[in-house]
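Working notes for the structure below.
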Amino acid sequence: MIGRRPRLAVEARWLSTLIVVASLGSAGCSGDASSPPPNEVDEIDEPDAPNLGHPPAAEPPANVVGGFGISLPSTTLAPGEELFPCWVFPLELDGPSHIVGGGKLTASPGLHHGNITTRPVTGDGIRPCEPGESVEFGGEASDILAGGAVLFGSSTQVTGEEWQSFPEGMGFPIADGYEIVARMHYLNTTAETLQVAPSYEWFTIDESTVERVLGPFAWVLTGWEIPPLSTHTVTGRCNNIPGPMQVVNAMPHMHALGTEFFGTYVGGELDGERWLDSVGYDPEGGVITQYTPAIDLGQGEGFTFGCTWKNTYDEVIGEGVGNDEMCILFGYA
């Protein structure tokens, strides 16, 4: 339906970066808001086709020996209401391992997304974050720079269960002396009052079976606007990758106007082929992509990634939370 989009009760605020471990500027990367998307890939599942990944297994990883979890306090959301709660939890680890091989989110309607990280302990017990620590302010990057881990990032407005289950022998480390920070974004797009209470569970794996330790990344395309009543694509290119970059997991982050999130290789034997071909926004199925085997974004001169949106409203859509849009790729390599 064409028309002005509804305004929500809480004004959207600008978001610059989230968990920026590897950024577009750090690898000779640039954005091009006018570039067309790469060519379509006809066959994605044949043996001789590019490795475009698959959804993670909806089950715990292999060799589980323990784990930990959190449950967010129940929050009431009125129709159209948008909230940014932030909570701190003790990291109460069960079992001998400090390598996380996977996790599970259980969510109901009303969860837009959550960024779950660890950071050095700042207090005791379950408690709200201090002012200025919510997802609006991008504190996740500070957590990672302080030695924390990215525990979970969910697909936009996903409902039901969403799994993160790395291939056997892979996982990321967590450390003693750290706590969990859950920076949440709730958005009620329905006409009914909702109760929102997401829960998370993580699985640690036998450290003797670990062959590869993973780390997080996040790349952000900024500086774009989506014209009214238009289909619009932005593309970023990263050049001069210093060495192999073996990506195991990728999660696009777009909002409801997103129709495609894509990536292509630049140079090398795979020049021009896609390594990511996602709808970008899928609340029912989620958009986390896992690569088995891992893909190497350093196999040539670099790579591209980008986003396409269809703006059905008669106004410009910008970067931001809520009714605005984003073009962010999270993942593990």
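The values are calculated or read from the model by the stated rules, or taken from the named source; none is laboratory data. Everything numeric in this text was worked out from a predicted model, so none of it was measured. Cβ sites come from the backbone with ideal geometry, for glycine too, and all protein chains shown count toward neighbours.
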- Task: Output the strands (runs of 3 or more DSSP E) that fall wholly within the range 47-133 and possess 3 or more residues being within 19 Å of the chain's Cα centre (by Cα), or say none.
- Result: 99-107, 111-120
- Residue check, Asn249 against (1) surrounded by fewer than 14 Cβ atoms within 10 Å (Cβ to Cβ); (2) modelled with pLDDT of 95 or more, all met but one. Which one? (1)
- Within the range 309-325, the residues that are under 30 Å from Ala58 (Cα atoms) and surrounded by 22 or more Cβ atoms within 10 Å (Cβ to Cβ) are Trp309, Val321, Glu325
- Residues of the range 140-159 being at pLDDT 95 or above and either surrounded by fewer than 20 Cβ atoms within 10 Å (Cβ to Cβ) or under 13 Å from the mean Cα position of the chain (by Cα) (or both), which ones? Val150, Leu151, Phe152
- Query: Quick one: is Gly147 assigned by TED's automatic domain parsing to the domain that holds Thr189, within 20 Å of Ala333 (Cβ to Cβ) and assigned to a loop (DSSP other than H, G, I, E, B)?
  - Reply: yes
- Task: For Val279, indicate whether it is under 18 Å from the mean Cα position of the chain (by Cα) and surrounded by fewer than 17 Cβ atoms within 10 Å (Cβ to Cβ).
- Result: yes
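From the list Glu273, Glu301, Glu315, Glu269, exactly one residue is without any contact (Cβ under 8 Å) to a residue 40 or more places away in the chain and over 21 Å from the mean Cα position of the chain (by Cα). Which is it? Reasoning before the result, please.
Working: Glu273 fails: without any contact (Cβ under 8 Å) to a residue 40 or more places away in the chain; Glu301 fails: without any contact (Cβ under 8 Å) to a residue 40 or more places away in the chain; Glu315 fails: without any contact (Cβ under 8 Å) to a residue 40 or more places away in the chain.
None of the others qualify; the one that does is Glu269.
In the range 190-215, what residues are under 16 Å from Val100 (Cβ atoms), not in a strand (DSSP E or B) and not hydrophobic (A, V, I, L, M, F, W, C)? So that I can check it myself, show each step before the final result.
If we filter the range 190-215 for residues that are under 16 Å from Val100 (Cβ atoms), which is where we start, we get 200-215.
Next cut, not in a strand (DSSP E or B) only: 206-211, 214-215.
Correct list: Asp206, Glu207, Ser208, Thr209, Glu211, Gly215.
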